[in-house]
Amino acid sequence: MQNTAIAAQTAVQADPRARVLIIGAGINGIATFRDLALQGVDVVIVDKGDYVSGASAASSHMIHGGVRYLENGEFRLVKESVEERNGLLKIAPHYVKPLKTTVPIFSTFSGVLTAPLRFLTHRQGAAQERGALLIKVGLTLYDSFSRDGGSVPRHEFRGAKESLRQLPRLNPSLKYTATYYDASMHDPERLALDVLGDGLAAGPHARSANYVEAIGMDADGVRLRNTVTGEEFAFQADVVVNTSGPWTDLTNAALGQASAYMGGTKGSHIVLDNPELLAATGGREIFFEHKDGRIVLIYPLAGRVLVGTTDLEHDMTQPARCTEDEVDYFFELVTHVFPDVAVDRSQIVFRFAGVRPLPRHDDEQPGFVSRDYRIESRPLGDRPGTLLSLVGGKWTTFRALAEHLSGDILGLLGLPRVVSTVGLFIGGGRDFPMTDAAHQVWITAHGDEVGAPRAATLLTRYGTRAADVIGWLTEEADAPLANHTDYSRREIEYLAATESVMHLVDLVLRRTSLAFRGELSLPLLDELAAVLAPVLGWDAATRENEVALTMTMLRETHGVQLSAVSA
């Protein structure tokens with residue numbers, strides 16, 4: 001069986017020419033690739049690592065309109081974000097779901113005097129939690145952007161008594177709660193892979209390769225290097241698009257096109273296995289501004305609780321890590337909201353940090369840096385062509401951003417837009433059953449050979465693409481993994497054979513949520529490596545090395561110490 005990641009790398013190297021080369025396969029680069037592919041444009045996307053392994057892998061797992069951007073005066077961005085949130089609920093319903101969000105409020109008028117100054121100057125000043133009056137004004141304005149046939153309900157205010165009746169573990173000193181709806185994104189990496197798959201399905205004119213790095217540019221084109229084999233080659237394109245997120249300036253420097261566009265800030269999160277805290281949230285995201293002015297969240301997700309985030313300056317030449325000080329900060333804010341729920345480090349099953357691809361902001365406070373995006377254009381050095389650099393961008397607006405960026409590219413190429421992505425279903429969101437009755441019909445129709453419970457699990461995991469997975473599972477004898485019975489051998493083989501898995505870590509971090517949920521163990525890693533080996537052509541030494549590399553990354557990057565006992 002052929003390693004599809006190696007095959008993709010080989011195909012790009014064998015034909016090193018396209019109208020458009022996209023460097024950076026985070027969600028915005030992938031969405032732009034999809035958009036161009038649907039227009040019939042000859043396009044290639046590469047990434048120095050795995051797909052969505054950079055900033056896009058460190059999100060808060062939310063698709064949100066950005067209610068706090070109102071205070072920054074970013075009304076265009078809020079409008080676009082709310083429209084895109086509502087759109088994603090429809091076109092990616094397998095991964096994007098409505099999320100009930102509650103804001104605990106501890107005062108009535110706090111922030112009323114300082115908010116106008118913050119709005120006008122974008123300076124932090126003395127940190128103050130927002131009071132009920134300011135939050136009420138903000139959510140009323142937010143609702144005004146959300147008129148889309150009732151995609152999500154309007155916000156509600158509750159007094160202390162009713163708030164504590166609904167969520168009895170909340171801090172009893174609160175005065176009000178405000179509740180509104182945004183959307184959750186329970187598996188962002190899989191959503192991005194669906195977007196990529198849509199682009200590749202458009203035809204052979206659309207090609208992609210992970211583990212291929214842009215390292216320079218000369219008279220022959222952009223110098224690319226296969227980071228696995230070390231091979232280098234020149235790639236020619238009329239338009240080079242830099243969508244490498246917080247690494248944009250570093251990528252431009254490598255291309256001999258020095259820039260100073262970026263000023264990203266680090267955001268960290270921890271994932272807790274704490275059933276008491278999970279129950280205390282009542283299935284809602286708890287979202288509020290802490291006393292230091294930072295926006296924080298406590299978010300039930302996949303049977304765990306995600307707690308974040310920070311907003312700290314970061315040097316992009318250094319790796320982003322969630323520090324012990326940040327963990328202390330997270331525990332402090334959990335105690336502030338749920339004072340009688342105990343949390344400790346033994347409950348952390350995963351931690352992660354990433355850098356937001358924000359524009360350079362000099363002395364502007366991180367919380368006020370624009371979350372909007374812009375596109376910088378310049379000639380492609382001494383070669384004919386154009387270099388476009390994306391500055392900014394976020395998960396919620398990836399479809400609209402890609403439409404904007406690909407529109408600019410089409411203009412440069414003198415090509416028309418032939419397909420709109422507005423309302424166009426993404427991957428397994430196509431024909432996804434939206435009612436309980438339709439859900440049951442789908443499971444009944446696809447559960448004959450794998451059983452209804454398994455069909456339901458696969459539908460949740462892959463959307464309607466689960467039908468392809470089930471077809472693969474039933475071609476040969478299958479069996480559950482010995483160390484994680486929710487997955488089977490054939491399912492792991494399917495992911496390896498069809499989704500450009502290069503390393504074991506790609507599987508545990510991005511093709512599955514095993515690491516995120518804290519469900520890995522040493523026996524499971526060994527078993528997964530054994531299943532991958534014949535599909536990816538690994539010998540015994542490579543298998544051992546892949547397990548060791550994965551353990552090191554999990555320990556050093558995500559604070560995961562694996563046990564010898566199966567999860």
Percent antiparallel among DSSP beta bridges confined to the chain, rounded to 5, stands at 75
Expressed in angstrom and rounded, the centroid-to-centroid distance over alpha carbons for the stretch 171-188 and the stretch 214-291 is 28
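Mind checking the full-extension length gain between LYS97 and LEU133? Use 0.36 nm per residue of separation minus the Cα-Cα distance, one decimal, nm.
Values: separation 36, 0.36 × 36 = 12.96 nm, distance 2.89 nm.
Contour length minus Cα-Cα distance gives 10.1 nm.
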Put TRP472, TRP247, TRP442 in order of accessible area, largest first, probe 1.4 Å, and you get TRP247, TRP472, TRP442
By accessible area (1.4 Å), largest first, ILE135, ILE105 order as ILE135, ILE105
With R₀ set to 35 angstrom, the calculated FRET efficiency between the beta-carbons of ARG76 and ASP325, to the nearest 0.05, is 0.45
Any lysines whose Cα falls less than 22 Å from that of LYS175, other than same-chain ones fewer than 8 residues away, would be LYS100, LYS136, LYS161, LYS291
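According to the square roots a ≥ b ≥ c of the eigenvalues of the Cα gyration tensor, what is the shape class of the stretch 1-62, taking rounded for a/c under 1.5, prolate for a/b larger than b/c otherwise, and oblate for the remainder? It would help to have the intermediate numbers written out before the result.
Details: a/c = 2.24, a/b = 1.30, b/c = 1.72.
Because a/c hits 1.5 or more and a/b fails to exceed b/c, the stretch 1-62 counts as oblate.
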Taking a probe of 1.4 Å and leaving out DNA, RNA and ligands, the chain shows per residue an accessible area in Å² of 39
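Cβ neighbours within 10 Å, averaged per peptide: list 489-497, 529-537, 371-379 in order, most packed at the top.
Working: 489-497: 21.6, 529-537: 18.2, 371-379: 15.9.
Listed from highest to lowest mean packing, they are 489-497, 529-537, 371-379.
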If the chain between GLN166 and ASP436 were fully extended at 0.36 nm per residue, the gain over the current Cα-Cα distance would be 94.6 nm
For the chain, the percent of all C-alpha pairs falling in each 20 Å bin, from 0 up to the bin holding the max distance, is 20, 56, 23, 1
Looks like the stretch 13-97, by Cα gyration tensor root eigenvalues a ≥ b ≥ c and the a/c under 1.5 rounded cutoff (else prolate when a/b is bigger than b/c, oblate otherwise), is prolate
Mean projected area, convex hull of alpha-carbon positions in the stretch 183-321, reported to one decimal in nm², is 12.2
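Ignoring ligands, DNA and RNA, please state the percent of accessible area on the chain from carbon and sulfur, probe 1.4 Å. Each step should come with its number before you reach the end.
Values: 11890 of 21870 Å².
Looking at the chain in its full context, I get 54 percent from C and S.
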With the convex hull built on the alpha-carbon atoms of the stretch 354-456, volume per residue in Å³ sits at 220
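Compute, for the chain, the length of the dipole vector about the Cα centre, with Cβ point charges of +1 (Lys, Arg) and -1 (Asp, Glu) only. Units Debye, rounded to 20.
On the way: 54 positive and 70 negative charges, 358 e Å.
So the magnitude is around 1720 debye.
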quick shape note, the stretch 279-359: Cα extents on principal axes in Å, largest first -> 40, 26, 22
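What is the gain in length, in nm to one decimal, between VAL419 and SER346 on full extension, counting 0.36 nm per residue of separation less the C-alpha to C-alpha distance? Please list the in-between numbers first.
Details: separation 73, 0.36 × 73 = 26.28 nm, distance 5.05 nm.
Here the answer is 21.2 nm.
Given the C-alpha atoms of the stretch 467-567, compute the convex hull and give its volume per residue in Å³. Let's see the in-between values first.
Numbers: hull volume 9.6 nm³, N = 101.
With only Cα atoms used, the stretch 467-567 gives 95 Å³ per residue.
The values are calculated or read from the model by the stated rules, or taken from the named source; none is laboratory data. Everything quoted here is computed from the prediction, not taken from an experiment. Because the Cβ atoms are built from the backbone with ideal geometry, glycine has one as well, and the counts that use them run over all protein chains shown. Surface areas here come from the heavy atoms of the whole protein model, side chains and all, with no ligands, DNA or RNA. Shrake-Rupley method; radii C 1.70, N 1.55, O 1.52, S 1.80 Å.
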